[in-house]
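Engineer: Shown below is the structure under consideration.
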Amino acid sequence: MFRAMVEGVTLPLMVTDGDGQIIFANRSSEEFTGYTRIELLGLNLRDLCAPYESSRYIFSTLSQIKKMAEVDIDFKQKGGRVFMASVSFSPFDHHGSPHLLVTLRDVTRKRIQEGKTREEERYCKLLAERNRLQDQLNRSSKLAFMGELAAGIAHEINNPLGIILGFVQDILDEISEDHPLFESIRIIEQETARCVDVVKDLLDFARIKPPERTRVDILQLLEDSIILLAPQVKKNKVQVTRAYDKGLPYTEIDPHLIRQVFLNVMINAIQAMPYGGGLRLAMGLVHRQQSQKERNWVRITISDTGDGIPQKDLDRVFGPFFTTRGIKGTGLGLSVCQRIMDDHRGKIEIESREGVGTTCSIYFPVGG
Ligand SMILES: Nc1ncnc2c1ncn2[C@@H]1O[C@H](COP(=O)(O)OP(=O)(O)O)[C@@H](O)[C@H]1O
Ligand SMILES: [Mg+2]
């Protein structure tokens, strides 16, 4: 009955001695290996493997196998076709010497499939990473170009503007307020001063100098920055609230550049609340992924209850010269911020809901 069962089963079964010498093979083994049973009885398991497999460690320890073991081995059929087999060895004792019951399974297709999926996954990951880098490159080269352009123009315009402003102020000092041209000249002064501001923004934007990092108490830096905005906060009737986590690590940043980031973001927030509202400053440590690696970040969030940003504009707010504030805006504030944050290997992100408010999150990597 056992013989009939062993012969009838579709699983290739063989028995070897402790050296791997084949002493029994069922019918399925013939199909599987391409050898006849007589041929098989003269062979060692090693002879059934691809040549590079015969030095596998398992073959030198066959007689010491104590419990069922399973390995993938490249098998070679009689005709030379190589395929991947999952080979299981079940040890048993026969007349006091170790023997093995060996079963074979063709896993070629399965392994190729697994390999393919792994390969595909790897490819998708690589592709995503490539696209991310390309975006970054596009953005930085665009910004670098704009920066150079801006610096060039700003230098050319700065001096004449200074001269115009100087003369206009001379004229204003000379003429009385009831002079028919007084108002016109006052407007010239005002608008020229505005140009000076734009040029200043452009020069900030063009500041390509890398950050000079020092250890900074970032909470103090944020507090110092908001003090500078006290007049605007008061004028717009903005309530400032704070939620700071305790014991945050120091960060290595350029305090001048980062103050500029804080100022730009907070000015935007205050400007979005001309009729009052709340400005919430929060700071804490967060865990977040970057390029498949987890790391810690100090996160500063600056939230306002202002008019918010329409969904369609959200992608554009960091673009240079994007402004919805007409002649009052230059559209450079957030581009400057982004550039500075890139230089610090940090991040700046904006979330907003129209009519509800805006939150700007600024992240600094902890530990460089
Ligand atoms: N807190 C905010 N609330 C509403 N809109 C904002 C906020 N911050 C930025 N924006 C939008 O992003 C635009 C670009 O901002 P920014 O780069 O600072 O330039 P600017 O302030 O000169 O317009 C603003 O014109 C505004 O439309
Ligand atoms: Mg701004």
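The values are calculated or read from the model by the stated rules, or taken from the named source; none is laboratory data. Here the structure is a predicted model, which is why all the values come from computation and not from measurement. Virtual Cβ from ideal backbone geometry, glycine too; neighbours counted across all protein chains shown. The accessibility values were calculated without ligands, DNA or RNA, using every heavy atom of the protein model including side chains. Shrake-Rupley method; radii C 1.70, N 1.55, O 1.52, S 1.80 Å.
Engineer: Among the residues in segment 290-305, are any over 29 Å from the mean Cα position of the chain (by Cα) and either assigned by TED's automatic domain parsing to the domain that holds residue 337 or within 24 Å of residue 217 (Cα to Cα) (or both)?
Structural biologist: Yes, segment 290-305 contains at least one residue that is over 29 Å from the mean Cα position of the chain (by Cα) and either assigned by TED's automatic domain parsing to the domain that holds residue 337 or within 24 Å of residue 217 (Cα to Cα) (or both).
Engineer: Considering only strands (runs of 3 or more DSSP E) fully contained in segment 1-81, which possess at least 3 residues that are of a type outside the set (Ser, Thr, Tyr) and more than 48 Å from the chain's Cα centre (by Cα)? Spell out how you get there, then give the answer.
Structural biologist: Details: elements: 13-17, 22-25, 69-76.
Those strands (runs of 3 or more DSSP E) span 13-17, 22-25.
So that you can scan it fast, the table gives a plain yes or no per residue for (1) in contact (Cβ under 8 Å) with a residue 12 or more places away in the chain; (2) out of contact with any Asp or Glu (no Cβ under 9 Å at 6 or more places or on another chain):
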position	(1), (2)
88	yes, no
91	yes, yes
95	no, yes
99	yes, no
102	yes, yes
113	no, yes
120	no, yes
127	no, yes
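Engineer: List the residue pairs whose Cβ atoms are under 6 Å apart, where the first residue sits in segment 318-344 and is near ligand 1 (Cβ under 7 Å from one of its atoms), the second is part of a helix (DSSP H, G or I) and among the β-branched types (Val, Ile, Thr), and the two are 6 or more positions apart or on different chains.
Structural biologist: Short answer, once both residue conditions are applied: 330/198.
Engineer: Look through segment 310-332, keep the residues that are open to solvent by 30 Å² or more (accessible area, probe 1.4 Å) and more than 12 Å from ligand 2 (Cβ to nearest atom), and return whichever of them is farthest from residue 351 (Cα to Cα).
Structural biologist: 327
Engineer: Can you give me the number of residues within segment 246-293 that are within 11 Å of ligand 1 (Cβ to nearest atom), more than 16 Å from residue 350 (Cα to Cα) and either at pLDDT below 90 or open to solvent by less than 10 Å² (accessible area, probe 1.4 Å) (or both)?
Structural biologist: Residues meeting the conditions: 1.
Engineer: Still on this structure: Would you mention how many residues in segment 304-336 are among the aliphatic types (A, V, I, L, M), at pLDDT 85 or above and within 21 Å of residue 263 (Cβ to Cβ)?
Structural biologist: Total meeting the criteria: 4.
Each row is one residue, and each column tells you yes or no for (1) under 18 Å from residue 80 (Cβ atoms); (2) touching a residue at least 24 places away in the same chain (Cβ under 8 Å); (3) touching a Pro at 6+ places or on another chain (Cβ under 7 Å).
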{"site": "32", "(1), (2), (3)": "yes, yes, yes"}
{"site": "38", "(1), (2), (3)": "no, no, no"}
{"site": "42", "(1), (2), (3)": "no, no, no"}
{"site": "46", "(1), (2), (3)": "yes, yes, no"}
{"site": "49", "(1), (2), (3)": "yes, yes, no"}
{"site": "61", "(1), (2), (3)": "no, no, no"}
{"site": "68", "(1), (2), (3)": "no, no, no"}
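Engineer: Does any residue of segment 118-139 turn out to be assigned to a helix (DSSP H, G or I), in contact with a helix residue (DSSP H, G or I) (Cβ under 9 Å, 6 or more places away or on another chain) and farther than 30 Å from residue 74 by Cβ?
Structural biologist: There is at least one residue in segment 118-139 that is assigned to a helix (DSSP H, G or I), in contact with a helix residue (DSSP H, G or I) (Cβ under 9 Å, 6 or more places away or on another chain) and farther than 30 Å from residue 74 by Cβ.
Engineer: Does residue 222 count as more than 15 Å from ligand 2 (Cβ to nearest atom), assigned to a helix (DSSP H, G or I), among the aliphatic types (A, V, I, L, M) and within 17 Å of residue 360 (Cβ to Cβ)?
Structural biologist: Considered against the rule, which asks whether it is more than 15 Å from ligand 2 (Cβ to nearest atom), assigned to a helix (DSSP H, G or I), among the aliphatic types (A, V, I, L, M) and within 17 Å of residue 360 (Cβ to Cβ), residue 222 comes out as yes.
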